[in-house]
1. Please report Thr38, Thr27 as a ranked list, fewest other C-beta atoms within 10 angstrom at the top and most at the bottom.
2. Where does the charge balance sit around Phe37 when Lys and Arg score +1, Asp and Glu -1, over other residues with C-beta under 15 Å from its C-beta?
Amino acid sequence: MGAQENCTAVFRTDTVGKVFKVFVNGTRRCLVCERLFTHDASREHCDVPCVPAVPDSWLLNESSVLILPLSTGA
C-alpha cells in the first residue's frame, strides 16, 4: 500500500468568464467593456455579454452610424 491511498483527485472544469482589474477601493473594471462594478455586480456581469468600449476617436452621427477615423499612415 503506497502513499497514493491517501490522495484525493480533484477535477475541475474550465469556466468561462471575464477578467477584471481590482482597485484598492474594491471596485472592479471589466477589461472587455471598461465599466466599473462593485464586487457583487461584477459577479453578475460575468454572465452578461458585453462589447469592447468604443474609443473616443470614434464618433456616432445623428443616425447612430459609427464613423471611424481614417488611417493617415502608410
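1. Thr38, Thr27
2. Net local charge, Phe37 excluded: +2.
Since every read-out is calculated from the coordinates, none of them should be taken as a lab result. Quantities reported herein were computed from a predicted structural model and do not represent experimental measurements. Reconstructed Cβ throughout: ideal geometry from the backbone, glycine too, with neighbour counts over all protein chains shown.
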